[in-house]
Amino acid sequence: AILLAALADLAPDIPVVSEENAASHALAPPPQFFLVDPLDGTREFLRPDGNGAFTVNIALIEQGRPVMGIVYAPALGRLFHTGDDQPPVEIAGDRMRTLSVRSLPPAELTAVASRTHRDAATDGWLAAQGISKTTAIGSSLKFCLVAAGEADVYPRFGPTMEWDTAAGEAVLRASGGMVICPDGTPFIYGKPEYRNGAFIACAGFRMP
């Protein structure tokens, strides 16, 4: 309710597709629209260990591409954002830093994977790429860890929706990374039912 009201005040002419607003899922994707997920990583939010790996996601899509993104992890005090031709930044407390993906490390690559949705297809892909070091974390924070140079690649073969990925992709793209389909084709937004297929989010790492 808070996010939709704020977006309506800031940009009343831009439609919003939100996970919690089921009626918006029937909207034919216009050239420009917001994608909103007010709580990404519900299982992480509910976990008793309280690791805080859940986020608020807001993205602006133009012509099938995320051009603005905000990813906020309130329990961790980490805010990532990009847009308006400004460099991507992370704000944590009173500190702010510009984000940039890291170069391909000479030693072992690090992949980030879902903590609760990791599947056999992901394990098979990692094995085929010779990647054994992984960090498990929930929500769109996986994109942000790659964008911040804390990991190299995030493969995802399980189901996701566009509001799960758009804001994180915007931050990653602005930081020098990319998101592609496993066959190398572009990963676009405005798909039927706003449902994603498999994707690879990467930085210095590139598939052969």
- Task: Place the peptides 159-169, 95-105, 33-43, 81-91 in order of packing, highest mean first, counting for every residue the other Cβ atoms within 10 Å and averaging per peptide.
- Result: 159-169, 33-43, 81-91, 95-105
- Working from the pairwise distances between different alpha carbons, so that the mean of 1/r is found and then inverted, what is segment 47-91's Kirkwood radius in Å? 11.6 Å
- Item | Rg/Rh ratio calculated on Cα atoms of the chain (Kirkwood radius) | 0.95
- Message: Compute the distance from the alpha-carbon center of segment 35-70 to that of segment 109-179, in whole Å.
- Response: 14 Å
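So what is the diffusion coefficient of segment 72-128 in µm² per second by Stokes-Einstein at 25 °C and 0.890 mPa s, using a Kirkwood Rh over Cα pairs? All intermediate terms of the calculation are to be shown ahead of the outcome.
Details: Rh = 14.5 Å.
The calculation lands on 169 µm²/s.
How large a share of the accessible area of the chain, in percent, is made up of carbon and sulfur atoms when the probe is 1.4 Å and the other protein chains stay in place? All intermediate terms of the calculation are to be shown ahead of the outcome.
Working: 5550 of 9790 Å².
Answer for the chain is 57 percent, counting heavy atoms of protein chains only.
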- Amide H of T134: which non-local residues (sequence gap of 5 or more, or other chain) have their own amide H closer than 5 Å, using H built in the peptide plane? A111
- Any idea which of V17, L104, S139 is furthest toward the positive side of the dipole for the chain, if Lys and Arg beta-carbons carry +1 and Asp and Glu beta-carbons -1? L104
- Note on the structure: Expressed per residue, the solvent accessible area of the chain in Å² (1.4 Å probe) is about 47 Å²
- Based on the Cα coordinates of segment 106-193, what is the per residue volume of their convex hull in Å³? 108 Å³
- Taking every pair of alpha-carbon atoms in segment 144-193, what share in percent sits in each 5 Å bin, from 0 to the bin with the longest distance? 4, 18, 29, 30, 14, 3, 1
- Task: Work out from phi, with θ = phi - 60° and the Karplus expression 6.51 cos²θ - 1.76 cosθ + 1.60, the ³J(HN,Hα) of each residue of segment 51-68, listed in order in whole Hz, and give x for Gly and Pro.
- Result: 7, x, 8, 10, 9, 10, 10, 9, 9, 10, 9, 10, 6, x, 10, x, 10, 9
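The values are calculated or read from the model by the stated rules, or taken from the named source; none is laboratory data. In this text the structure is predicted, and so the values were computed from the model without any measurement. Glycine also receives a Cβ, built like all others from the backbone with ideal geometry; neighbour counts cover every protein chain displayed. The area values use the complete protein model at the heavy-atom level, side chains included, leaving out ligands, DNA and RNA. Shrake-Rupley method; radii C 1.70, N 1.55, O 1.52, S 1.80 Å.
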